[in-house]
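A short write-up of the structure that comes next.
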Amino acid sequence: MTTPGRLPYPITLPGDGITLREWRDEDLDELVAMLDEPDIARWTPMPSPFDLEAGVAYLKRARQGRLSGQRLQLAITLDGGKPLGEVLLFGVDAGLREAELGYLVGVHHRRRGLASAALSLLSGYARGTLGLSRLLLRIDPANTASTSVARRCGYRLTGEPPILQEGPYGPSSLDTWELVSAGGGSRKERLRNVAARRYGRRN
Ligand SMILES: CC(C)(COP(=O)(O)OP(=O)(O)OC[C@H]1O[C@@H](n2cnc3c(N)ncnc32)[C@H](O)[C@@H]1OP(=O)(O)O)[C@@H](O)C(=O)NCCC(=O)NCCS
């Protein structure tokens with residue numbers, strides 16, 4: 001597969017229990033309800049409060065990014081209908097064959113494996129269809145939910161220095177994670193996840 005100059009548009013990616021699809025104008029109310037939420041304000045660069053005006057601007061920017069082929073920005077759905085979250089691929093460097101990914105899930109739909117399923121699906125597409133070999137995540141180490149998703153999907157911390165940034169919650173730093181294996185980590189880790197579920201431990 002060749003590394004893309006422009007990312008394909010439009011696409012629909014069916015996966016294991018989820019479907020990733022393009023954002024639509026009629027998603028506006030669902031989008032605003034989803035993004036106007038404290039964890040999303042805390043861990044992502046979304047404006048807060050996230051109102052209708054922010055939603056209109058967000059969908060417009062998403063469409064521009066898709067039409068220009070610069071990013072993949074897809075709604076996470078169960079079957080192509082109601083959006084429950086979002087997964088993105090951006091910052092594509094065709095020369096280095098690398099890109100960054102990001103994700104969020106609406107507060108009422110968390111802890112059901114949606115982020116993990118969406119990240120795995122998009123990572124597989126990025127490697128297989130787009131031919132990108134280096135897939136990266138940037139995560140604040142205090143964001144336990146996000147680091148757990150990363151680990152579960154086969155991403156590992158790199159030794160790259162943290163990226164320092166100023167935000168509304170004060171200074172923070174983002175670690176870089178890289179996909180080392182597709183499909184949910186080592187056997188030992190999968191067994192640990194099974195044990196965690198069985199005994200109710202959250203890590
Ligand atoms: C991070 C986020 C996307 C996770 O979405 P999700 O759909 O709940 O994630 P999953 O259900 O796939 O969780 C996978 C594993 O991560 C871990 N995890 C998820 N949420 C967690 C939490 N709040 N605390 C601790 N571990 C958590 C669990 O191990 C979970 O597996 P389990 O519930 O079967 O034990 C969601 O919490 C979110 O949208 N947060 C705000 C936005 C954000 O932080 N985005 C990432 C920026 S880098």
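The values are calculated or read from the model by the stated rules, or taken from the named source; none is laboratory data. As the structure is a computational prediction, the values presented were derived from the model and not from experiment. Glycine also receives a Cβ, built like all others from the backbone with ideal geometry; neighbour counts cover every protein chain displayed. Keep in mind that these areas ignore ligands, DNA and RNA; they rest on the heavy atoms of the full protein, side chains included. Shrake-Rupley method; radii C 1.70, N 1.55, O 1.52, S 1.80 Å.
In segment 47-81, the residue that is farthest from Ala142 (Cα to Cα) out of those that are in a loop (DSSP other than H, G, I, E, B) and within 15 Å of the ligand (Cβ to nearest atom) is Leu78. Can you name the residue in segment 119-149 that is near the ligand (Cβ under 8 Å from one of its atoms) and among the small types (Gly, Ala, Ser) and is also surrounded by the most Cβ atoms within 10 Å (Cβ to Cβ) among such residues? The selected residue is Ser146.
Reported count of residues in segment 143-184, each being at pLDDT 95 or above and out of contact with any Phe, Trp or Tyr (no Cβ under 6 Å at 6 or more places or on another chain), is 21.
Taken over segment 1-28, residues that are open to solvent by less than 50 Å² (accessible area, probe 1.4 Å) and outside any loop (DSSP other than H, G, I, E, B) amount to 7.
One line per residue, one yes/no per condition, for (1) of a type in the set (A, V, I, L, M); (2) under 13 Å from the mean Cα position of the chain (by Cα); (3) closer than 15 Å to Ile40 by Cα:
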residue	(1), (2), (3)
Gly102	no, yes, yes
Gly106	no, yes, yes
Leu114	yes, yes, no
Thr129	no, no, no
Leu132	yes, no, no
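Filtering segment 91-110 to residues that are hydrophobic (A, V, I, L, M, F, W, C) and within 13 Å of the ligand (Cβ to nearest atom) leaves Leu101, Leu104, Val105, Val107. Counting only residues that are open to solvent by less than 40 Å² (accessible area, probe 1.4 Å) and part of a helix (DSSP H, G or I), which one in segment 29-46 is nearest to Gly170 (Cα to Cα)? Only one residue fits best here, namely Ala41.
Among the residues making up segment 77-127, a single one is touching a Phe, Trp or Tyr at 6+ places or on another chain (Cβ under 8 Å) and of a type in the set (Val, Ile, Thr): Val87. Residues of segment 58-88 that are open to solvent by less than 60 Å² (accessible area, probe 1.4 Å) and farther than 22 Å from Arg112 by Cβ: Tyr58, Leu59, Ala62, Gly65, Arg66, Ser68, Gly69, Arg71, Leu72.
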